[in-house]
1. Sticking with the crude label model, points 7 Å out along Cα→Cβ, report the distance from B:Asp143 to B:Leu91 in nm, one decimal please.
2. Explain nothing, just the number: relative contact order of segment A:152-256, from Cα pairs under 8 Å at least 6 residues apart, as a whole percent.
3. May I ask you to list the trypsin sites (Lys or Arg not before Pro) in segment B:1-96 that are in a DSSP loop and have at most 12 other Cβ atoms within 10 Å of their Cβ?
4. Return the sequence-ordered ³J(HN,Hα) values of segment B:174-181 in whole Hz as given by the Karplus equation 6.51 cos²θ - 1.76 cosθ + 1.60 applied to θ = phi - 60°, using x for Gly and Pro.
5. Give me the three principal axis extents of segment A:105-217 from the C-alpha atoms, as integers in angstrom, largest value leading.
6. Report Rg (one decimal) and Dmax (nearest whole number) for segment B:78-158, counting Cα atoms only, units Å.
7. Using just the helices of chain A, give the 222 nm mean residue ellipticity in deg cm²/dmol: DSSP H runs with n ≥ 4 each add -39,500 (n - 2.57), and the total is spread over all residues, rounded to 500.
8. Between A:Val80, A:Val61, A:Val90, where does the largest GNM mean-square fluctuation fall for chain A, given springs only between Cα atoms within less than 10 Å?
Amino acid sequence: MRKFFLKVIIFLCSTFNSVVKSEDKFIIIQSTTSIRDSGFYEHIQKKFVEDHDFEIKVVAVGTGQAIKNAEKCDADILFVHHKPSELKFVRNGFGVYRKDVMYNEFVLIGPKEDPANIRNFKKIKLALEKIRNKKKNFVTRGDQSGTHKKELELWQQINQEIPNNFENWYIETGAGMGSSLNIAVNKNAYILSDQSTWLTFGNKKNHKILLKNDPPLINTYGIIPINPENCPKAKNDKAEIFIKWLTSKEGQMQINSLQKNGTQLFFSFYAF
Amino acid sequence: MDYFFQIFSKAINLILEADSDLFEIIFLSLKVSLTALFFSCLIGLPIAALCVIKCFFGRNILIIILNSLMGLPPVLVGLVLYLIFSKSGPLGFFEILYTPTIMTLAQFILIVPIIASMSIQVLEQILNEYEEMLTSIGANKKDIALTILWDARFPLVTCVLAGLGRALSEVGAIIIVGGNIAHHTRVMTTSIALETSKGNLELAVSLGLILIFLSLSINATVSALKKLSKEFSYD
């Protein structure tokens, strides 16, 4: 009996060791959920592993949390979408530099019936103002993610205070983009989303895009290698290889080729 | 209501078309939770036996703590483990963050109190029945502990299964410490959370059905074994 237990323990330890041994063949990217949920990494990885000997492990959380995790050195690369926060991250010595990678846009999602009647608006700020004045349901993520920060910036630019989450119409979910979309769909509410998450979202029901193509809605994604001076264990050489590849012609073409139902999800930042 | 049934019929189709990705996820779930369960029993059962047979200092306090830790919030466990094992945390040099190892550790912490607490109840009962007899034949503490653990094996299985149930169904801790990384730390429950957030409700439900089926078959196997071995032991 004792021998049996000993064998089991040794077996378990060895399975763990195999996990530890394969440790060095990857880099960890702290990323936003929008990039993962669209299938971006599977698409990129497919091409990337063709001529590289390491792979990419992605931890997808909101931009705010991704930055916090990266500050704690739990990443080799930070890949998010809120430029001011990214620049601050680099300025504070956590990242080496910030490089633009790609962009798409934020879109205003709402119920087909459009209770605030904003479907003919071209300007996001006017639409938000009307939703607010009419007190129609609006879902906010409230999690310091890139999308949430964008939304707060827009409210501020309307020159009004940020709506208070005690107000019945302003629903703060504190959840990721997809979970918030699920809530918006069921609450008959408006919501700001990045385009790729919405296009790949599977539970649209009665909701659709009501406003897009407004310059303030641009959504840029920047990539940052973690500073090895601050995090000695960060795999800077591998991170540089990946970033160089992603912003090369090959990487940028791969980004452009990602589609969902015939719509391109991300647009390369560099033209070749 | 129609929508609800549609989801279920789609879910069953998905299960029938199961691919290797799905098996990978199921396998990792089982590996993490069963390993956590094994180590929890290794630690939890002796603690329980010790609490029952020995009157050491702080015994009652330990029992109270174990009882209240049964309701430990998984998210808190995940968060604390994350802070400890983060590369800039005190134990960051182990480099086990975002690996199945730390997921096992998280589940271990969550289920040790359950197994220990529930076993204490069971063992106390058995000890009440046996104590006089065992002391009269001059058994020492160690023999008593082993005897009651062995004789309580059938009710103890229930305690262990409760622990396994908690481990298999837990999501809050492992999504933080594991990171839900595709092909590395993605398990059943984190996949369900992910697919729900992507709005793929059919897929999420089908994964849930598989999870239920899994724990159903584990429980069925155990109860069959229980019955079988009981029959043998009465011979």
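The values are calculated or read from the model by the stated rules, or taken from the named source; none is laboratory data. Please read these numbers as outputs of a predicted model, since none were measured by experiment. Neighbour counts are summed over all protein chains in view; Cβ atoms, including those assigned to glycine, are modelled from backbone coordinates with ideal geometry. SASA here: full protein model, heavy atoms, side chains in, ligands and nucleic acids out. Shrake-Rupley method; radii C 1.70, N 1.55, O 1.52, S 1.80 Å.
1. It works out to 3.9 nm between the two label points.
2. 11
3. B:Lys54
4. 6, 6, 7, 7, x, x, 6, 7
5. That gives 35, 29, 25 Å along the principal axes, largest extent first.
6. 19.3, 57
7. Mean residue ellipticity at 222 nm (helix-derived): -12000 deg cm²/dmol.
8. A:Val90
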